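The structure appears right after this line, and notes come after that.
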Amino acid sequence: MGCTVGDARCWLTNGGFCTDYVENKARRGQGGKQAQLKPIEPGDVKKGDIAQFASRAHYSYVESVVKGKDGKPVAVNLSEYNYGTCLVDEQSMVTDKYKVINRRMAVPLSAVDGGFLRPR
């Protein structure tokens, strides 16, 4: 990466934050336009939506949906950047998983405390 602690400009321009990841995934096939997002109900979540975690100021891309016996969504499988356990640069909110794709499986809908967003 080449960025150092305290060099916020470097971190911001290298594209390794969660927002960089979901923006790139959400706008695929849209000719480079910035994705417009609208809130949706958890029960309507589908592949391609964005999971928002308010308690952590974090966003993840919904790769697939886990459904219960009744066919309704109960959990999501996610992919993301910068979802680490160790802060490398606290001021810039850079973790040890900056620009690293992380996958989390079967995250309960109730754990997505900021709700879901759908790219338009």
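The values are calculated or read from the model by the stated rules, or taken from the named source; none is laboratory data. As the structure is a computational prediction, the values presented were derived from the model and not from experiment. Neighbour counts run over all protein chains shown; Cβ positions are idealised from the backbone, glycine included.
Closer than 30 Å to ALA8 by Cα and among the charged types (D, E, K, R), is that true of GLU80? Considered against the rule, which asks whether it is closer than 30 Å to ALA8 by Cα and among the charged types (D, E, K, R), GLU80 comes out as yes. Residue count for the range 68-108, restricted to those that are outside any strand (DSSP E or B), surrounded by 14 or more Cβ atoms within 10 Å (Cβ to Cβ), more than 14 Å from the chain's Cα centre (by Cα) and among the hydrophobic types (A, V, I, L, M, F, W, C): 1. Filtering the range 38-54 to residues that are within 13 Å of the chain's Cα centre (by Cα) and on the phi < 0 side of the Ramachandran plot leaves LYS47, ASP49, ILE50, ALA51, GLN52, PHE53, ALA54.
Which of the residues spanning the range 31-67 are in a strand (DSSP E or B), touching a residue at least 40 places away in the same chain (Cβ under 8 Å) and in contact with a Lys or Arg (Cβ under 9 Å, 6 or more places away or on another chain)? Residues satisfying the conditions are LEU37, LYS38, PRO39, ILE40, ILE50, SER60, TYR61, VAL62, GLU63.
For THR95, the criteria (1) touching a residue at least 60 places away in the same chain (Cβ under 8 Å); (2) out of contact with any His (no Cβ under 8 Å at 6 or more places or on another chain); (3) not hydrophobic (A, V, I, L, M, F, W, C) hold in every case but one, which is (1). Of the residues making up the range 53-98, not one is within 18 Å of ARG27 (Cα to Cα) and at pLDDT below 95.
Among the residues of the range 109-120, just one is modelled with pLDDT under 95 and part of a loop (DSSP other than H, G, I, E, B), namely ARG120.
Looking across the range 29-52, the residues that are at pLDDT below 95 and surrounded by 11 or more Cβ atoms within 10 Å (Cβ to Cβ) come down to GLN30, ALA35, GLN36, LEU37.
Give me a count of the residues in the range 83-112 that are farther than 20 Å from GLY15 by Cα and touching an Asp or Glu at 6+ places or on another chain (Cβ under 8 Å). The qualifying residues number 1. Once the range 4-28 is narrowed to residues that are at pLDDT below 90 and assigned to a loop (DSSP other than H, G, I, E, B), the residue that is surrounded by the fewest Cβ atoms within 10 Å (Cβ to Cβ) is ARG28.
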